[in-house]
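Structure record follows, encoded as structure tokens.
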Amino acid sequence: MDKKIKIAIVFGTRPEAIKMAPLVLELQKREEFKPITIVTAQHRQMLDQVLELFNITPDYDLNLMKPNQNLWSLTSDILMETKKIFEETKPDIVLVHGDTTTAFATALSAFYARVKIGHVEAGLRTFNKDYPFPEEINRVLADSVSDLHFAPTEGSIQNLINSGIKDESLDNASGGSALDNSIKDKRIHKTGNTVIDALLYTIKKNIDLSFIGLNPNLKTILLTSHRRENFGEPLENICDAILDIVQKNKDIEVVYPVHLNPNVRDIVFRKLDKIERVKLIEPLDYAPFCALMKKAHIILTDSGGVQEEAPSLGVPVLVLRDETERPEALECGCVKLVGTDKERIVSTVNKLLSDKEFYNSMKQAVNPYGDGLASKRIADIILKYFKS
Ligand code: UD1
Ligand code: UDP
């Protein structure tokens, strides 16, 4: 193939943008590629924050977000709008990321258009279809229609194989084919997670956090929570745990950049607004958020991305979920699952605040998710896939 390889990179939410941005920048640098950036804008403000930071101007902006949108209309809008763009631009390959509705619906749309699909952050699984909802099924579906799987870890490769995704090169190797281990036939690749590329790019920046108004005499607990399965009672429990923690520990303050989903905001502002030493703030730009993670004494979160980033920064993380598709940091000891039971959250935070040995055992910087070179690897693999 002498002409440039046309790569449509499609994303729509904050975490996809953060994790696809380093790949967009990498593809733009190489003359063999013609990248076409398409944003569904499943998120609007939280997506734009990231585009600005990485200086990315999308070629197509579908501007699909609606207030309190639902999964049905979002899915059908993405299918219909990407259809038009795929017909117009005729990409050689479409890249999607992770487990959002943008990722799943775009992968399905590309499949209908008979275009090759590459899935970045392939192979994450809880093997529980309701948890996280709807992300577990979104990623299973995206994986099942993809041609290339960019798996972040050894565990995610195993999950793909256990899900019945075939790595043709392994078949060929056992069958003694002439194409043994040819990159052309290899579908599953371990690349690391591009989130570490984004984190290392961002953490270098000197960020002034004074606009948040943190009290220098207090320890910071950083909180984020937005998962659909935590809406309602689980999120109420999390808020009750925070009330208990700030009441009993006068030397800490909690900072919560509140996600823009109204299902989150209604509960959080009702329970935690105007509480002493609880700061509810708007979603932070990625650079100050990274600086705040680094500064935090403890992080409480149900976010996927934060679970991957915080271990690199050596900050203990308590995950407000019962299951995770990211077991690697649990194994390293710097992340613990605490679920959404109020007493369990309170007792684990209190233990971290009072037991130095326990705190130090969790405060270790490890990098199970990548080394900052994932985007380069993905670009190399795509090049070899089309050129060999
Ligand atoms: C979505 C993803 C979830 C991901 C999360 C990251 C799906 C089904 N869910 O969940 O996997 O973890 O993003 O944050 O793909 N809103 C705004 N402005 C924004 C963003 C959201 O106002 O910039 C509000 C809108 O009212 C929107 C609502 O939040 O309708 C929900 O957004 P949506 O993308 O459907 O769900 P999330 O909970 O953000
Ligand atoms: N993040 C951010 N600002 C915030 C909160 C989070 O930039 O106020 C970043 C965070 O560092 C991570 C990503 O957003 O890279 C995670 O997004 P989110 O938690 O919304 O989604 P998930 O990863 O759970 O899908």
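The values are calculated or read from the model by the stated rules, or taken from the named source; none is laboratory data. Quantities reported herein were computed from a predicted structural model and do not represent experimental measurements. No Cβ is skipped: glycine too gets one built from the backbone with ideal geometry, and neighbour counts run over all protein chains shown.
So the values come out like this:
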| item | result |
| --- | --- |
| Out of I78, I38, sole residue that is in a strand (DSSP E or B) and either within 16 Å of ligand 2 (Cβ to nearest atom) or not small (G, A, S) (or both) | I38 |
| Single condition S73 does not satisfy, out of (1) over 28 Å from L373 (Cα atoms); (2) small (G, A, S); (3) away from ligand 1 (no atom under 12 Å from the Cβ) | (3) |
| Residue among A110, A105 that alone is under 27 Å from G192 (Cβ atoms) and within 15 Å of ligand 1 (Cβ to nearest atom) | A105 |
| Close pairs (9 angstrom Cβ cut-off, 6 or more residues apart or separate chains): within 12 Å of A41 (Cα to Cα) and without any contact (Cβ under 8 Å) to a residue 60 or more places away in the chain in region 56-82, assigned to a loop (DSSP other than H, G, I, E, B) and more than 10 Å from ligand 1 (Cβ to nearest atom) anywhere | D77/L62; E81/L62 |
| From K279, K248, K274, K204, residue being at pLDDT below 95 and away from ligand 2 (no atom under 11 Å from the Cβ) | K204 |
| Test result for S156, surrounded by 16 or more Cβ atoms within 10 Å (Cβ to Cβ) and either modelled with pLDDT of 95 or more or away from ligand 1 (no atom under 14 Å from the Cβ) (or both) | yes |
| Residue match in region 26-43 (condition: surrounded by 20 or more Cβ atoms within 10 Å (Cβ to Cβ), of a type in the set (D, E, K, R) and over 15 Å from H97 (Cα atoms)) | yes |
| Hey, M65 in contact with a Pro (Cβ under 7 Å, 6 or more places away or on another chain) and near ligand 1 (Cβ under 10 Å from one of its atoms) or not | no |
| T106 vs. criteria out of contact with any strand residue (DSSP E or B) (no Cβ under 7 Å at 6 or more places or on another chain) and of a type in the set (S, T, N, Q) | no |
| Residues that are away from ligand 2 (no atom under 16 Å from the Cβ), outside any loop (DSSP other than H, G, I, E, B) and of a type in the set (V, I, T), drawn from region 107-139 | I117 |
| Subset of region 81-99 that is in a loop (DSSP other than H, G, I, E, B) and touching a strand residue (DSSP E or B) at 6+ places or on another chain (Cβ under 8 Å) - its residue that is surrounded by the most Cβ atoms within 10 Å (Cβ to Cβ) | G98 |
| Restricting region 348-388 to residues that are within 24 Å of E328 (Cβ to Cβ), charged (D, E, K, R) and touching a residue at least 40 places away in the same chain (Cβ under 8 Å), the residue that is surrounded by the fewest Cβ atoms within 10 Å (Cβ to Cβ) | D371 |
